[in-house]
Amino acid sequence: MNKMLKCDLHVHTNYSFDTNVDMETLARRAVEIGLDAVCFTDHIDINSHRNTFKEFPFEQRLREFERVRKQFEGKVLLLQGYEMGEPHLHPKETEFLRSLHPDMIIGSVHDAPALDGIADRRKYERAYDRIVRDMVQWGDFDVLGHVDVLRKWHDDYVEDEDFVKETLRLCAQRGKVPEVNTSSMRRAGTPPMPAVDAIAYYVQCGGKYVTLNSDSHTADQLAEFYDVTLPTLPKGAKLCYFVQGKIVSC
Ligand SMILES: [Zn+2]
Ligand SMILES: [Zn+2]
């Protein structure tokens, strides 16, 4: 049997508003720690607080990507994509991203007008959940980003487990691949997003593929917590990566 490829498919570079590290440094680090594939997924966010689509240097980023990809050919497979915030609310911009032929698009909910001004935390959480569900129902994306990211952002977050399960069932139904995002584990004792029992439910619902991602914003965070998370993934969940929007088994 072939050795399983080790991939990190949710990686931010200095083309993201909240990240300083460049592609070349990340690629070098990936080789150092023995990763087989990395996908650069920079933020595209359009909401009341920011619009990173408007002046995003798409061509410059693709040129730099091509240069670094060639430089590291044979050492690590470099892929390029985007982490699109609320793709179902921005269909035109998402269509534009598709026209650039990314290897994959992560669909994530970060912020939306429907969340503006909701002070009550529980109301905010349920409104957030509804946006995630609509995105999974209607959005154009390949990988569902951090379904319960509010857990990472708010200490007092109360998870609606039925919502998480229902969302993962929808993913299985629509052929969307959920990620297991380890960035929440930087806080000791916190499971990945979503927790692996939700992934077990996704598998029960007929879901097959998952991605394991670090959501790194620095080189040190690449593939963080993989060694503890990998052995806990349910047996039926197959790891994959994407090339030009097509699933490839790891
Ligand atoms: Zn995100
Ligand atoms: Zn991210």
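Every number in this text was worked out from the coordinates using simple rules, so none of it is lab data. None of these values were measured; they are calculated from a predicted model. Counting neighbours? That spans all protein chains shown, and the Cβs are built from the backbone with ideal geometry, glycine included.
Could you tell me which residue of segment 1-19 is farthest from the chain's Cα centre (by Cα), considering only residues that are in contact (Cβ under 8 Å) with a residue 60 or more places away in the chain and surrounded by fewer than 16 Cβ atoms within 10 Å (Cβ to Cβ)?
Ranking the candidates gives M4 first.
Can you pull out every residue in segment 63-89 that is assigned to a helix (DSSP H, G or I) and within 19 Å of the chain's Cα centre (by Cα)? Answer for segment 63-89, where residues must be assigned to a helix (DSSP H, G or I) and within 19 Å of the chain's Cα centre (by Cα): F65, P87, H88, L89. Only residues that are acidic (D, E) and within 16 Å of the chain's Cα centre (by Cα): list them for segment 20-54, please. Scanning segment 20-54 gives D42, D45.
For segment 160-186, a tally of residues being outside any helix (DSSP H, G or I) and either within 15 Å of ligand 1 (Cβ to nearest atom) or buried (at least 18 other Cβ atoms within 10 Å of the Cβ) (or both) returns 6. Considering segment 232-250, the residues that are in a loop (DSSP other than H, G, I, E, B) and touching a residue at least 60 places away in the same chain (Cβ under 8 Å) include one that is farthest from E95 (Cα to Cα), namely C250. Taken together, the residues in segment 1-59 that are more than 16 Å from ligand 2 (Cβ to nearest atom), under 18 Å from E179 (Cβ atoms) and part of a loop (DSSP other than H, G, I, E, B) amount to 5. Of the residues making up segment 1-41, those that are within 16 Å of ligand 1 (Cβ to nearest atom), of a type in the set (G, A, S) and touching a Phe, Trp or Tyr at 6+ places or on another chain (Cβ under 6 Å) number 0. Kindly indicate which of T229, T190, T211 is under 25 Å from D18 (Cβ atoms), without any contact (Cβ under 8 Å) to a residue 60 or more places away in the chain and touching a strand residue (DSSP E or B) at 6+ places or on another chain (Cβ under 7 Å). T229 is the lone residue from the list that is under 25 Å from D18 (Cβ atoms), without any contact (Cβ under 8 Å) to a residue 60 or more places away in the chain and touching a strand residue (DSSP E or B) at 6+ places or on another chain (Cβ under 7 Å).
Residues that are small (G, A, S), closer than 25 Å to G175 by Cβ and more than 16 Å from ligand 1 (Cβ to nearest atom) within segment 71-125 comprise just one, S99. Checking each residue in segment 189-223 for being surrounded by fewer than 19 Cβ atoms within 10 Å (Cβ to Cβ) and part of a loop (DSSP other than H, G, I, E, B) picks out G189, T190, P191, A195, C205, G206, K208, H217, T218. Filtering segment 20-58 to residues that are within 18 Å of E224 (Cβ to Cβ) and crowded, with 20+ Cβ neighbours inside 10 Å leaves V21, L26, A27, R29, A30, L35, A37, V38, C39, F40, T41.
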